[in-house]
Amino acid sequence: MTRTLARRARSWPATLAALTVVAGTGAVAPTPAVAAADDRPTFLGKALYTGEFHSHTSVSDGVLLPPDAYGHVHGETEADFFTVSEHDVMWDIRNGDDFVEDWRNADSAEWRYMHESAAEFNASQDELVAVPSIENTWYDGTGHINVFNADWHATARATEKGSVDGFANGFGTGDMKYDYFTFLARMKLDPDAIGQFNHPSTTSKGNFFGFAGLDPVADDRMELIEVKSAGQLTEFQRALDAGWHLAPVWNGDEHSATWVSGNPSITGVWAEEHSLEGLYGAMKARSMYSTQDVNAVLAFGADGQAMGAVLPGEKRTLDVEVRLSDPDADDAFSSVRLVTNGGATAHDFGAQTGNDLDLAARLDVRDGDFYYVRATQADGDFLVSAPVWVGESTRGANYAPEITVADTLPTVAGFGDTIVLPDVSARDDSGAEPTIAVDVFDSAGEVPTDGGSFQIRSYDDAFVVVRATDDRGNSNAELLRIQVSKDALDPAAVFDRFGSSVSVGDVPGTAGIAVTTDRTVETVYAQVLPAGADDWSAAEVLTSTHDRPYEVNTIGNDEAKYQHSITGQTLRSHEFRLTGLEIGTTYRFRFGVARDGGAPSPTDESAWTAERGRFLAGGAEDEPVYVLGDLQVSSGDPAELGLLRDVLDRLESEAPGGGTVVQVGDLVDNGGRGEYWDQVHEHVLSDLELQLAGVVGNHETYGDPDY
């Protein structure tokens, strides 16, 4: 990319730019330290960088595209890191990538694009690091969470239940297993993943049910929390008191083309290097601070360890130092405090009037304490640091119950297998007996259980979600994955998604067939024979093309309003192009599945369905073409659905000999609803025996967020 805007020159505060603190001593080094070419401040072996980690483009509900955002931040601001993090529920393919191991293999085109655009930008220059992310978006009072450093993405269960701000969830699609607690369970399975609590609030999107779900492993994944206002500072304190180990960050959450440049605030990052790896390391170390003044600098450490550190619990004193600087004469610091458990002031450095402060204190401490800096400037802007903690656990923390699951669940199963649910036990730090629930999910939503077991009903993964809840409503969850073997695919099960129809070709003698399977079935096969022929071994084995994922909505829970009760099921469409057909001849077709990793033999009956349909190869000169209008039935009533076939029968009787039906759109009432297509295939398209020319009407776009 050619940079056309000159990057503004950085002017670091003089005091911090010229001094390095020697780890373990608290002493000031006698000579200046240069951390990078632009003479950045350094502190305890780390250099200062700035950035934001939450914004949007039109990949969800913002403007323009990620390259535009990266280019703007690069040319117009001094930021060193910048994140575009789009809303998961607004993507065309939301579900099915929650265990992808390489983003390049993701079904979601948006998720691949997010990574590709960041990688391309990073390869073009070395001044701004673009950071791909996703904003997991609940509308049930949970809140929103950004995830970094993960190839997978899991879509939030985006229902309307419990919304605290009345936000109208117009998306209504998600993965039904991923409520907040199960999402944390997925985070626990990836040691590299990094989470960020976004805009916590008791009156807006949510504050994660009072920051419930604390688990030692989940705590290790959730590293950041947005702190931009006095209200969010209160929520930061609440989260710390609940036991989470978090660093505060300031993010713009921009939805317009003012990324970073439109904000007077920033996040300060103390990192070992200016790279994605350096940023992720700083996130994991929690060496960050939030500032409402874009060029104010805060360094904070204790006993030679930087902000974010967890110190041994046996410590009884801490030597703390705080360094603050701002180059603007009007931005002197007026107060600096060390805040501890319960929001109490552990140490007040008294009234301040300077722009460059070097403060120190010795604190009496005990196991379970934490301490962070709250500094205020003369104009009211505040800075807040990540804490340092004494001991691994915060005093008074309410950990969610600890769950133990018997190691009896298979990791791989076959289609149709009956799976016995594992034995589960749980204990809580309160001593009370937790409540245990076990639920099962697959790509279509919740799977029924009967007598402590369930049946594998698709070729997509099955998941067992174990939840334990204490007497204060605090829950923990574990997510157990069962992959379904595709070594011996059952064709009757594979081709059980909707029906199939034959579409008109672009020239006489051609046609197309499309069929749907579970998302995990990547390639299928077909054969076509004249209707009077019986020898399938003489027919060519055709391999599917354009094997593309797509998503439909199925009923997911008991919400009263349908728009808020649907869940997205990702399926895969496979296409076959037929050529060399004899006009006026009726053909029949069947579908097959792979054997030994390749095309099946025509004589291997275990690999093939029975005949799945017939069609007339139309296209003769002057033959009639049947044109049909809207059907758009929402009742599911077979009699209403049958109206189209009744009209077609009459047209055929009055003008016989046609081979093609043109249906001019609005065949279904809502194109996103999977059951409507089931009904249309069962009552309209099955046994059509003509070529169909389908047209997209406005109702076919309903429920399709990509449109």
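Based on Cα contacts under 8 Å between residues 6+ apart, segment 246-355 shows a relative contact order of 19 percent.
Highest mean first, the peptides 194-201, 205-212, 258-265 sorted by other C-beta atoms within 10 Å per residue fall in the order 194-201, 205-212, 258-265.
With the full set of protein chains in place, find how many percent of the accessible area of the chain is carbon and sulfur; take the probe as 1.4 Å.
48
Would you mind classifying segment 481-610 by shape? Square roots of the alpha carbon gyration tensor eigenvalues, ordered a ≥ b ≥ c; an a/c under 1.5 is rounded, otherwise it is prolate if a/b is larger than b/c and oblate if not.
Values: a/c = 2.58, a/b = 1.53, b/c = 1.68.
Verdict is oblate for segment 481-610.
A 1.4 Å probe, protein heavy atoms only, puts the accessible area of residue 392 near 140 Å². Using just its DSSP H runs of length 4 or more, each adding -39500 (n - 2.57), the chain gives a mean residue ellipticity at 222 nm of -4000 deg cm²/dmol after division by all residues. Pairs from the list 284/315; 205/315; 46/205 with a Cα-Cα gap above 28 Å: 205/315; 46/205.
Put the Cα centre of segment 351-383 next to the Cα centre of segment 99-119 and the gap is 42 Å. For the chain, the residue among 643, 187, 683 whose Cα projects farthest onto the positive side of the dipole built from Cβ charges is 187. If you count only protein heavy atoms with a 1.4 Å probe, what accessible area per residue comes out for the chain, rounded to a whole Å²? Value for the chain: 39 Å² per residue. Scaling against 2.2 N^0.38 Å puts the C-alpha radius of gyration of segment 47-138 at 1.08. When segment 302-389 is described by a simple charge dipole with +1 on each Lys and Arg Cβ and -1 on each Asp and Glu Cβ, the residue from 360, 304, 318 located farthest towards its positive end is 318.
Based on Cα contacts under 8 Å between residues 6+ apart, the chain shows a relative contact order of 10 percent.
Would you please classify the overall shape of segment 208-296 from the alpha carbon gyration tensor, given that a ≥ b ≥ c denote the square roots of the eigenvalues, rounded means a/c under 1.5, and beyond that prolate means a/b larger than b/c while oblate covers the rest?
On the way: a/c = 2.01, a/b = 1.27, b/c = 1.58.
The shape class here is oblate.
Annotation: the antiparallel percentage among DSSP beta bridges lying fully within the chain is about 80. If the segment from residue 202 to residue 364 were pulled out straight at 0.36 nm per residue, it would be longer than the present Cα-Cα gap by 54.9 nm. Put a plus charge on the Cβ of each Lys and Arg, a minus charge on the Cβ of each Asp and Glu, and nothing anywhere else: the dipole of segment 283-411 about its Cα centre is then about 460 debye. Which label marks the calculated value of Cα extents along the principal axes in Å, given the options (1) 83, 53, 48; (2) 79, 73, 59; (3) 96, 63, 46? Recomputing Cα extents along the principal axes in Å here picks out (3).
The values are calculated or read from the model by the stated rules, or taken from the named source; none is laboratory data. Everything numeric here is computed off the predicted structure, so don't read it as measured data. Methodologically, a virtual Cβ is constructed for each residue, glycine included, from the backbone with ideal geometry; neighbour enumeration extends over all protein chains shown. Surface areas here come from the heavy atoms of the whole protein model, side chains and all, with no ligands, DNA or RNA. Shrake-Rupley method; radii C 1.70, N 1.55, O 1.52, S 1.80 Å.
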